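Working notes for the structure below.
The values are calculated or read from the model by the stated rules, or taken from the named source; none is laboratory data. All values reported here derive from a predicted model rather than from experimental measurement. All Cβ positions, glycine included, derive from the backbone under ideal geometry; neighbour counts span all protein chains shown.
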Amino acid sequence: MKKLYILLLAGILATATSCTYTFPEAETPTSGSADFSKVVAVGNSLTAGYMNGALYDDGQAASYANIVAQQMKTVGGGEFIQPDINAKDGYFGLAPDGVTILGRLRLVNPTNPVPSPIVPGQAITDYSGDRSKITNFGVPGIRVIDAGVNGYGMLNPYYGRFASNPASSNVLADAVAANGSFFIFWLGGNDALGYALAGATGKVDGDGSNTTDMTPVSMFTAAYSAAIDAMMANGASGIVANVPSINDIPHFTTVPWNAIPMDQATADATNAAYTAYNAGLAQFVLAGVITQDEADLRTIEFKEGDNGAVITDEELTDLTGSGLPSMRMTNSSDLITLSAGSVLGTLADPNNPASVIGVGVPLDEKYTLTKKNQEDIANRIADFNAAIKNIVDAKGNKLALLDINAIFAEFAKTGTTINGAGMDASIAPPFGAFSLDGVHPNQRGSAYVASLFIDKINEVFDANIPNVNPNNWPGNALPVPE
């Protein structure tokens, strides 16, 4: 056996010395047809690095725009200056006392994990650096129709904190003044998302004055076209991303429609409380005021197991004048927002055990999206994305389009695997790519988004910017005790 091993080893050595193995040449980073010497980013909270319901240091450092710009340094890119927030946990809002500042969300309670704000957070403070050198113009909450509004800094503190002049300047003008050689542009999401986050309580077609309304397509197209023209006026090239569907982000998909568990005894007792209401529906059918189909939709009947939540639905025939509220139970066509998770099952009146929200008291309309709401939003986003594509197509090879809508749709269905590690469209650690607000990616998810931008830039501009490994960034932390 030993002799055979020696003969085999000799054969291997002979083969190795008689052949020459050619190692692949290392790829050289190149800029291709683009000039990355000064990169300017324009966008909303995604571009700013907003995560976990707040803008804070770690999230800002991991903004997809910052990650992309750092990689561009290998192909001649310069410094990328973000308006540092200098906040460990950021500003999530105020506590019920109206004084205590809440910080970013984290998961608490290992046995039943829920997002909960850190206490205390930090107030939104002005940027103390040189505002003329800023190159990341990511502003949480901004719509594309807001980008050219003078004095927008007085309306949005996230822009006011670093605007060249909060009382008179606008985001687009400040970004243009930065005179970038290449730009990253991702605006338009909030022109539909604000309406969705408010539970479609705004207008489908507003006049642009209310952030809970959807932006009309004509206004969107005009503002988007003007913004791209302004960003390219100095000869710069760039990349834009379109608007993803709300159905592909966990803020609208995490809480199930049938989130009310109930045993049979409780179901029987609850149903007894709705006897008069259900009988009233039957009378309105007999009177020809509503159809049997609407009565069936509005009938409230709980059963043992998981049930839909009782919700307010203003799309129903208004019977309030006759004492019947516009309410029904959710079904599989409805979406319940992530923010409803902290409300469902709690008491509307702490002194009334029958006032359980979603059972004895309807869940407010702002926490739900009906099938019609979803269709209205989907149609508007489709119109927005068609307008974006037309604008990009007109610019030829100077402007790239990242179809983030299509990528997120596939990602929401199947997730992805990166270097052996899974990632999915959820907020659940360790694989969830979204932060705990359910809208914005976490640090690992942001790096994944950055990798998509880099891939598309390399493809369109024949560049070779080294890509990133999203696994080098953290995802959501495991829940901690309350």
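Does Gly396 fit the bill of being out of contact with any strand residue (DSSP E or B) (no Cβ under 8 Å at 6 or more places or on another chain) and free of Cβ contacts under 8 Å to residues at least 40 places away in the same chain? Yes, satisfied. If we keep just the residues of region 57-90 that are of a type in the set (Asp, Glu) and outside any loop (DSSP other than H, G, I, E, B), which is surrounded by the fewest Cβ atoms within 10 Å (Cβ to Cβ)? If we take residues in region 57-90 being of a type in the set (Asp, Glu) and outside any loop (DSSP other than H, G, I, E, B), then Asp57 is surrounded by the fewest Cβ atoms within 10 Å (Cβ to Cβ).
Yes/no matrix, rows are residues, columns are (1) under 16 Å from Leu363 (Cα atoms); (2) in contact with a Phe, Trp or Tyr (Cβ under 6 Å, 6 or more places away or on another chain):
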| site | (1), (2) |
| --- | --- |
| Leu286 | no, no |
| Val289 | no, no |
| Arg298 | yes, no |
| Asp313 | yes, no |
| Thr317 | no, no |
| Gly323 | no, no |
| Arg328 | yes, no |
| Asn331 | yes, no |
| Ala340 | yes, yes |
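If you go through region 344-364 and keep only what is crowded, with 17+ Cβ neighbours inside 10 Å and under 19 Å from Thr254 (Cβ atoms), you end up with Leu344, Ile357, Gly358, Leu363.
Report, by residue number, each residue of region 36-52 that is of a type in the set (Ser, Thr, Tyr) and more than 13 Å from Ala69 (Cβ to Cβ). I'd like the intermediate steps shown before the answer.
Keep residues of region 36-52 that are of a type in the set (Ser, Thr, Tyr), which gives 37, 45, 47, 50.
Within region 36-52, Ser45, Tyr50 meet the criteria.
From the list Asp263, Asp205, Asp174, Asp191, which one is farther than 29 Å from Lys395 by Cβ and among the acidic types (Asp, Glu)? Break it down stepwise before answering.
Numbers: Asp205 fails: farther than 29 Å from Lys395 by Cβ; Asp174 fails: farther than 29 Å from Lys395 by Cβ; Asp191 fails: farther than 29 Å from Lys395 by Cβ.
After applying the criteria, what remains is Asp263.
With respect to (1) over 13 Å from the mean Cα position of the chain (by Cα); (2) in a loop (DSSP other than H, G, I, E, B); (3) surrounded by 19 or more Cβ atoms within 10 Å (Cβ to Cβ), the lone exception for Pro430 is condition (3).
Selection of first residues in region 235-261 that are of a type in the set (A, V, I, L, M, F, W, C) and of second residues that are modelled with pLDDT under 95, restricted to Cβ pairs under 7 Å at least 6 apart or on distinct chains, gives the following pairs, ordered by first then second residue: Val255/Gly341.
For region 94-111, check the following and say yes or no: at least one residue is of a type in the set (Ser, Thr, Tyr) and modelled with pLDDT under 95. Within region 94-111 (the criterion being of a type in the set (Ser, Thr, Tyr) and modelled with pLDDT under 95), the answer is yes, since at least one residue qualifies.
Residue-by-condition table, conditions (1) modelled with pLDDT under 50; (2) out of contact with any Asp or Glu (no Cβ under 9 Å at 6 or more places or on another chain); (3) among the acidic types (Asp, Glu):
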site: Lys2; (1), (2), (3): yes, yes, no
site: Tyr5; (1), (2), (3): yes, yes, no
site: Leu8; (1), (2), (3): yes, yes, no
site: Thr20; (1), (2), (3): yes, yes, no
site: Thr28; (1), (2), (3): no, yes, no
site: Ser33; (1), (2), (3): no, no, no
site: Lys38; (1), (2), (3): no, no, no
site: Ala41; (1), (2), (3): no, yes, no
site: Leu46; (1), (2), (3): no, yes, no
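The helices (runs of 4 or more DSSP H) located wholly in region 160-256 that include 2 or more residues which are under 16 Å from the mean Cα position of the chain (by Cα) occupy 190-197.
In region 298-327, which residue that is small (Gly, Ala, Ser) and not in a loop (DSSP other than H, G, I, E, B) is surrounded by the fewest Cβ atoms within 10 Å (Cβ to Cβ)?
Looking at residues that are small (Gly, Ala, Ser) and not in a loop (DSSP other than H, G, I, E, B), I get Gly321.
The set of residues from region 136-159 being among the small types (Gly, Ala, Ser) and either assigned to a strand (DSSP E or B) or closer than 23 Å to Asn234 by Cα (or both) comprises Gly138, Ala147, Gly148. Ala425 meets each of the listed conditions (1) surrounded by 15 or more Cβ atoms within 10 Å (Cβ to Cβ); (2) outside the structural domain of Ala48 (by TED's automatic domain parsing) apart from (2). Summed over region 342-363, residues that are within 23 Å of Pro113 (Cα to Cα) and hydroxyl-bearing (Ser, Thr, Tyr) total 2. Residues in region 371-417 that are within 21 Å of the chain's Cα centre (by Cα), surrounded by fewer than 18 Cβ atoms within 10 Å (Cβ to Cβ) and not in a helix (DSSP H, G or I): Asp403, Gly415, Thr416, Thr417. Among the numbered conditions (1) modelled with pLDDT under 95; (2) closer than 30 Å to Ala382 by Cα, the only one that Gly323 does not meet is (2). The requirement of being free of Cβ contacts under 8 Å to residues at least 60 places away in the same chain, closer than 30 Å to Gly189 by Cα and crowded, with 17+ Cβ neighbours inside 10 Å is not satisfied by Ile290.
Kindly evaluate Thr270 against the criterion of being over 30 Å from Ile377 (Cβ atoms), in contact with a strand residue (DSSP E or B) (Cβ under 9 Å, 6 or more places away or on another chain) and in a helix (DSSP H, G or I).
Values: over 30 Å from Ile377 (Cβ atoms): yes; in contact with a strand residue (DSSP E or B) (Cβ under 9 Å, 6 or more places away or on another chain): yes; in a helix (DSSP H, G or I): yes.
So Thr270 fits the description; yes.
Output the residues belonging to region 197-206 that are charged (D, E, K, R) and at pLDDT below 95. Within region 197-206, just Asp205 meets the criteria. Answer with yes or no whether Ile336 is buried (at least 20 other Cβ atoms within 10 Å of the Cβ), among the β-branched types (Val, Ile, Thr), in the same structural domain as Asp213 (by TED's automatic domain parsing) and modelled with pLDDT of 95 or more. Criteria not met by Ile336. Quick one: how many residues across region 433-462 are assigned to a loop (DSSP other than H, G, I, E, B) and within 17 Å of Ala241 (Cβ to Cβ)? Of the residues in region 433-462, 3 are assigned to a loop (DSSP other than H, G, I, E, B) and within 17 Å of Ala241 (Cβ to Cβ).
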